[in-house]
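Beneath this line is the structure, given in structure tokens, with notes to follow.
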Amino acid sequence: MKVIVLFGPPGIGKGTIGALLSKRWNIPLVSIGDLLRENVKNNTEIGKKADFYMKKGELVPDEVVFEALSCKLDEQKNNKAILVDGFPRNLNQANLLESILKPEDRIILLNLVADDDLLIERLSLRRICKKCGAIYHLKNIPPKRDNICDYCNGELIQRDDDTPDVISRRLSVFRRETQPLIDYFGEKHRLLTISAEGGPEDILARIEQTGIWE
Ligand code: AP5
């Protein structure tokens with residue numbers, strides 16, 4: 001199995017690009033952020049534990065993330081390839097991912113990069129569908145009708161962690177805890193660094209040019 005990890009700071013477009021690649025390549029997308037938000041919405045034990053950290057823009061403790069993720073990854077183990085958004089985010093999580101894969105499996109880190117100004121602009125104008133989770137941007141990727149999801153007619157809302165102070169916290173947590181994984185992946189696995197500037201189609205073209213899907 002090929003495990004393609006969508007990696008990068010908050011707002012870079014991991015969810016957006018992940019959804020497009022999943023459709024284009026017909027492979028599953030596992031998003032840990034979505035999984036945790038679903039648990040929060042359903043007020044599960046995992047959700048109750050995760051909510052406290054997510055609201056502050058901190059990483060949810062590893063054991064809570066593993067609990068949420070383990071069955072999801074297990075369900076996917078017979079696929080030829082999967083996309084993973086938001087995991088791993090620290091060395092402990094990277095080691096866990098390695099430990100649950102088979103020796104013949106390959107991990108590829110798709111490292112999306114852009115300036116902070118672009119991330120803040122993308123996050124400030126992001127809206128998500130309350131019902132299906134589809135991602136919009138009020139200027140760049142707007143819905144056809146104001147505040148209504150194109151796919152399911154759900155209401156569009158701003159994420160709780162898209163406030164200026166929580167965005168700034170999430171960015172600093174990324175720099176401190178997650179970004180160091182780039183060196184680790186560069187040495188142990190395949191690392192592809194892609195500019196996330198421009199529209200989604202430009203980014204998809206850059207990703208496909210790497211030959212990652214061959
Ligand atoms: P998570 O949901 O994963 O958030 P994140 O990593 O901060 O990333 P975002 O979802 O904010 O951004 P994105 O890169 O997906 O961008 P998007 O596609 O939406 O995690 C949330 C929280 O959960 C964490 O803070 C943590 O608490 C917890 N958590 C998650 N994983 C964890 C883990 N492994 N361990 C511990 N805790 C964990 O795009 C952003 C905006 O830009 C949108 O409006 C979009 O429409 C727009 N846009 C995207 N691409 C483009 C483009 N090319 N051109 C124009 N606009 C674009």
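The values are calculated or read from the model by the stated rules, or taken from the named source; none is laboratory data. What you see is a predicted model, and the numbers here were worked out from it, not measured in a lab. Please note: Cβ atoms are built from the backbone with ideal geometry, for glycine as well, and neighbour counts cover all protein chains shown. Remember, those area values only see protein heavy atoms, side chains included, never the ligands or the DNA or RNA. Shrake-Rupley method; radii C 1.70, N 1.55, O 1.52, S 1.80 Å.
For the reader, a short list of remarks on this structure follows.
- Eligible aspartates and glutamates near Lys77 by straight Cα distance, threshold 19 Å, same-chain separation 8 or greater: Glu67, Asp85, Glu98, Glu104, Asp105
- A crude spin-label estimate for the pair Lys130 and Leu91, with each label 7 Å from Cα along the Cβ direction, gives 4.3 nm.
- Amide H contacts of His137 (H built 1.01 Å from N, in plane; Pro and chain starts excluded): Arg127 sit under 5 Å, all sequence-distant by 5 or more or on other chains.
- When peptides 113-119, 25-31 are sorted by average Cβ neighbour count within 10 Å, with the highest value leading, the order is 25-31, 113-119.
- Accessible surface of the chain [probe 1.4 Å, protein heavy atoms]: carbon and sulfur percent: 50 percent
- Segment 99-155 - convex hull of the alpha-carbon atoms, volume per residue in Å³: 150 Å³
- According to the calculation over all Cα-Cα pairs in segment 1-82, the P(r) per 5 Å bin from zero is 3, 14, 22, 22, 20, 13, 5, 0 %.
- Of Ala94, Ala19, Ala196, the one that fluctuates the most in a GNM where the chain has Cα springs shorter than 10 Å: Ala94
- Rounded accessible area of Glu67 (nearest 10 Å², 1.4 Å probe): 90 Å²
- Take the Cα of Leu118, step 7 Å toward its Cβ, do the same at Ile100, and the gap between the two points is 3.1 nm.
- The value of relative contact order for the chain, using C-alpha pairs under 8 Å at least six residues apart, is 29 percent.
- Net charge dipole size for the chain [Lys, Arg +1 and Asp, Glu -1 on Cβ; Debye, nearest 20]: 400 debye
- Selected from Arg122, Arg169, Arg37 as most flexible by GNM, with the chain as the system and alpha-carbon contacts under 10 Å: Arg169
- Alpha-carbon Debye profile of the chain, log10 I(q)/I(0) at 0.11 Å⁻¹: -0.51
- Entries in Lys48/Lys130; Lys2/Lys56; Lys55/Lys80; Lys48/Lys102; Lys102/Lys130 that, when Cα-Cα distance is taken, lie over 28 Å: Lys2/Lys56; Lys55/Lys80; Lys48/Lys102; Lys102/Lys130
- In the context of the full set of protein chains, residues of segment 70-214 present 57 Å² of accessible surface per residue (probe radius 1.4 Å, heavy atoms only).
- Under the simplified labelling scheme, the Arg206-Arg190 pair shows an inter-label distance of 1.9 nm, with each label point 7 Å from Cα along Cα→Cβ.
- Shape analysis of segment 75-186 places it in the oblate category; the axes a ≥ b ≥ c from the Cα gyration tensor give an a/c of at least 1.5, with a/b not above b/c.
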